[in-house]
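Any read-out appearing in this document is the output of simple, stated calculations on the displayed coordinates, not a laboratory observation. This structure is a prediction, so every number in the text was calculated from the model and none was measured. Don't worry about glycine lacking a Cβ; one is built from the backbone with ideal geometry, like all the others, and counts go over all protein chains shown.
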Amino acid sequence: MTNEKIPYKCSCGGNLIKTKVEVEFFGIDFGLRDAEVCIACGSEYLDHETLKEVEMEIKKRNIFAMERKVQVARSGDSLVIKIPPEIAEFLDIHYKSLVQLFPVDRNRLEVKVTG
Ligand SMILES: [Zn+2]
C-alpha cells in the first residue's frame, strides 16, 4: 500500500488513495490489481488497463453474448433498470432478490447477486 494521494476525488467527495485490491468479476479471479480506493465510502476504481483486461477475458468467455441495451425507467425517486429474462435466469435472480450495486467507474455499474 503506497497511500499516494490522487488529485481528483471520489463521486462522494472523499479522497482517493492508490492501493491494490482483489479483483473478481463474474466469478473470474483477476488477482490483486492497482485501484484507487475512496477512504470515505470505500468505493474502488480500477485502472483502465485492468478494466480492459477484465473486459477482454469476459468477452473471451462469451458472457457478453448476453449483453443488452435497456432503457432506464423511473419509480418514485429511484431509477429502474430492467433486467431481461435471459440475464435474470443466467444470474438466478428473481423478483425481490437482493443485489449489491457497485459503481466500478464513472460509466460502469456492477450488480452483484447476494441473495
Ligand atoms: Zn467515496
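Quickly rank 37-43, 86-92 as a protection proxy: mean count of other C-beta atoms within 10 Å, highest first.
Top to bottom by mean Cβ count within 10 Å: 37-43, 86-92.
So what's the angle, to the nearest 10 degrees on a 0 to 90 scale, between helix 48-60 and the longest Cα principal axis of the chain?
30
With +1 on the Cβ of every Lys and Arg and -1 on the Cβ of every Asp and Glu, and nothing else charged, how large is the dipole of segment 23-115 about its Cα centre, in debye rounded to the nearest 20? Show your work: numbers first, answer last.
Numbers: 13 positive and 17 negative charges, 102 e Å.
For this selection, approximately 500 debye.
Given the Cα-Cα distance of I81 and S97 and 0.36 nm per residue of separation, how much length would full extension add, in nm? Display every interim value, and only then the final one.
On the way: separation 16, 0.36 × 16 = 5.76 nm, distance 1.41 nm.
Additional length available on full extension: 4.3 nm.
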